[in-house]
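The values are calculated or read from the model by the stated rules, or taken from the named source; none is laboratory data. Because the structure is predicted, anything quoted here is derived from the model rather than measured. All Cβ positions, even for glycine, are placed from backbone atoms using ideal geometry, and neighbour counts span all protein chains on display. Calculation scope for accessible area: heavy atoms of the full protein, side chains included, ligands and nucleic acids excluded. Shrake-Rupley method; radii C 1.70, N 1.55, O 1.52, S 1.80 Å.
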Amino acid sequence: MNLKRVVVTGIGALTPIGNTAPEFWKGLSNGVSGAAPITRFDASLFKTQFACEVKNFDIEQFIDRKEARKMDPFTQFAMVAADEAMVDSGLDLEKIDKSRAGVIWGSGIGGLRTFQDEVTAFALGDGTPRFNPFFIPKMIADISAGFISIKYGFRGPNFVTVSACASATNALIDAFNYIRLGKADIFISGGSEAAVTEAGIGGFNAMKALSQRNDSPETASRPFDKDRDGFVLGEGAGALILEEYEFAKARGARIYAELVGGGMTADANHITAPHPEGLGASSVMKIALEDANISPEAIDYVNVHGTSTPLGDVSETKAIETVFGEHAYKMNISSTKSMTGHLLGAAGAIEAIACIYAINNSLVPPTINHFTDDESFDKRLNLTFNTAQKREINYALSNTFGFGGHNCSVIFKKYN
């Protein structure tokens with residue numbers, strides 16, 4: 001069968017370096033770090049005392065207080081990003097078939113703040129089971145997609161993907177496939193996460209996953225640097241409006257880019273560590289390239305998973321060299337997590353948006369915080385250290401990998 005084409009017509013972002021998509025891109029292109037001491041709670045007794053928090057955010061500027069109280073922060077973030085993307089798309093809700101419009105969202109954890117607060121309150125009580133009636137609806141990950149669909153009346157496919165840090169990219173691929181198979185015309189897709197909590201920081205600290213560079217938070221996320229010591233936890237949301245190409249064209253939509261390929265694999269290796277040779281990572285990029293029907297040489301920019309962990313950064317660059325061969329040294333590669341921190345289940349959405357902006361602005365956002373070369377990485381790789389670089393980008397590939405061995409890659413193409 002002939003697969004339909006899928007394009008991006010709207011974007012929205014709520015991130016540690018900008019509370020709208022344009023602000024996010026400004027932060028990326030200028031190499032701004034979103035890391036700072038934690039304000040959500042007293043972190044003085046924690047091994048890691050900083051994170052990449054969303055800043056100057058008041059949900060009541062967007063949603064009525066009574067309605068907002070029914071939502072965990074991860075859902076609040078989702079609603080704000082989705083609304084920006086919908087406004088940006090210019091979709092007229094009165095002129096679309098809402099049974100062919102859906103929501104596929106991603107979140108790795110869901111309502112962690114709600115779960116933590118409710119269980120803590122019970123544990124500190126006298127044993128009487130007093131729980132908020134919204135406890136379960138606020139906590140479950142799928143409620144984000146539910147709230148978005150209710151707001152816009154979208155009655156098409158509606159669910160949330162959970163594949164740890166690959167969740168949002170998983171969601172984009174699912175939406176992509178529904179549209180190109182002719183099952184829907186429009187999707188709001190992306191991801192959100194709000195795990196900067198005592199349980200989130202404490203849990204990742206116990207795994208030794210987070211940087212502990214408390215003396216210099218703004219430089220703590222340093223992918224590919226010799227002295228990297230773990231990732232920096234981030235929070236926020238990213239939303240994309242995906243439409244079938246002919247549908248978007250007929251309504252005169254502005255088209256940011258075309259989504260042309262996606263891949264999903266598993267490492268089947270370890271619950272947290274990546275495959276040492278990047279086996280799952282290399283296979284997922286190959287699948288995405290085959291799905292897009294392009295050669296490796298077509299890719300101009302790779303937005304890597306690049307979390308700033310000792311093992312992950314090495315295995316991903318090995319995978320890139322395996323897939324791209326000599327072309328690996330002709331591409332630009334960068335990790336925007338050096339600026340945003342790691343947004344877990346939302347990472348794939350904001351990094352897809354970073355790729356789309358890079359394509360449209362012919363500018364590769366940098367990998368900031370590079371101080372010391374690591375001999376583990378081939379110096380011929382252009383890791384776009386510290387300063388954004390101008391270049392024509394016709395195809396950009398974005399990688400997201402998750403605990404459990406989940407791997408996802410998506411490829412965006414410049415729209416002409």
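With unit charges on the beta carbon (Lys/Arg positive, Asp/Glu negative), name the residue among Gly238, Ala123, Ser44 whose Cα is farthest towards the positive pole of the charge dipole of the chain.
Gly238
Using the Cα gyration tensor of segment 1-143, with a ≥ b ≥ c the square roots of its eigenvalues, what is the shape: rounded (a/c below 1.5), prolate (a/b larger than b/c) or oblate (neither)?
Working: a/c = 2.27, a/b = 1.36, b/c = 1.67.
Verdict is oblate for segment 1-143.
Per-residue counts of other Cβ atoms within 10 Å, averaged by peptide: what ranking do you get for 186-194, 122-130, highest first? List each step's numbers first, then the result.
Details: 186-194: 33.4, 122-130: 8.3.
Most protected by this proxy first, the peptides run 186-194, 122-130.
For Leu3 and Ala298, calculate 0.36 nm times their separation in residues minus their Cα-Cα distance, and state this gained length in nm to one decimal.
Extra length available between Leu3 and Ala298 comes to 104.1 nm.
Mind checking which of Val323, Val32, Val87 has the largest fluctuation in a GNM of the chain, springs on alpha carbons under 10 Å?
Greatest mean-square fluctuation among the candidates belongs to Val87.
Can you tell me which of 176-184, 63-71 comes out highest on packing, and rank the rest after it, using the mean Cβ neighbours within 10 Å?
The packing order, highest mean first, is 176-184, 63-71.
Highest first, please rank the peptides 387-396, 162-171, 19-28 by the mean number of other Cβ atoms sitting within 10 Å of their residues.
So the order, starting with the most tightly packed, is 162-171, 19-28, 387-396.
Using a Gaussian network model of the chain whose springs link C-alpha atoms within less than 10 Å, name the residue from Asp142, Asp291, Asp267 with the highest mean-square fluctuation.
Maximum fluctuation in the GNM of the chain, among the listed residues, is at Asp291.
For the charge dipole of the chain, defined by +1 on Lys and Arg C-beta atoms and -1 on Asp and Glu C-beta atoms about the Cα centroid, which residue among Gly108, Ile255, Ile287 has the Cα displaced farthest towards the positive pole?
Farthest towards the positive end: Ile255.
On full extension of the chain, what length is gained from Asn361 through His270, given 0.36 nm per residue of separation minus the C-alpha to C-alpha distance?
Once the chain is fully extended between Asn361 and His270, it gains 28.9 nm.
In debye, nearest 20, what is the charge dipole magnitude of the chain about its Cα centre with +1 on Lys and Arg Cβ and -1 on Asp and Glu Cβ, if you could check?
Dipole size: approximately 640 debye.
Can you send over the carbon and sulfur percentage of the accessible area for segment 17-136, probe radius 1.4 Å, protein chains only?
Exposed carbon and sulfur together represent 53 percent of the surface.
What full-extension length gain, to one decimal in nm, is calculated for Lys151 and Ala206 as 0.36 nm per residue of separation minus the Cα-Cα distance?
Roughly 15.9 nm would be gained on extension.
Taking a 30 Å limit on the Cα-Cα distance, which of the listed pairs Lys47/Lys70; Lys70/Lys413; Lys138/Lys413; Lys95/Lys183 fall beyond it?
Long pairs (Cα-Cα over 30 Å): Lys47/Lys70; Lys70/Lys413; Lys138/Lys413.
Only helical DSSP H runs with n ≥ 4 go in: add -39500 (n - 2.57) per run for the chain, normalise by residue count and round the 222 nm mean residue ellipticity to 500 deg cm²/dmol.
Rounded to the nearest 500, it is -9500 deg cm²/dmol.
Tell me, what % of the accessible area of segment 323-416 is carbon and sulfur with a 1.4 angstrom probe? Can you show the working numbers first?
On the way: 1340 of 3000 Å².
Roughly 45 percent of what the probe reaches on segment 323-416 is carbon or sulfur.
Please compute the per residue accessible area over the chain with all protein chains in place, 1.4 Å probe, rounded to a whole number of Å².
For the chain, the solvent-accessible area averages 39 Å² per residue.
Have a look at the DSSP beta bridges in the chain and tell me what percent are antiparallel, nearest 5.
Given both bridge residues lie in the chain, the antiparallel proportion sits at roughly 65 percent.
Taking the Cβ-Cβ separation of Glu290 and Asp126 as r and a Förster radius of 51 Å, what is the calculated FRET efficiency to the nearest 0.05?
So the FRET efficiency works out to roughly 0.25.
Given Gly182, Thr169, Met86, which one lies farthest toward the positive end of the charge dipole of segment 75-204, if we put +1 on the Cβ of every Lys and Arg and -1 on the Cβ of every Asp and Glu?
Gly182
Place a +1 charge on the Cβ of each Lys and Arg in segment 194-340 and a -1 charge on the Cβ of each Asp and Glu, then give the dipole magnitude about the Cα centre in debye, rounded to the nearest 20.
Using only the charged Cβ atoms, the result is roughly 200 debye.
Find the centroid of the Cα atoms in segment 22-75 and in segment 346-400, then give the distance between the two in whole Å.
Computed from Cα coordinates, the inter-centre distance equals 23 Å.
Hey, with R₀ at 35 Å, roughly what FRET efficiency would His327 and Val87 work out to, going by the Cβ-Cβ distance, to 0.05?
The formula returns an efficiency of 0.35 here.
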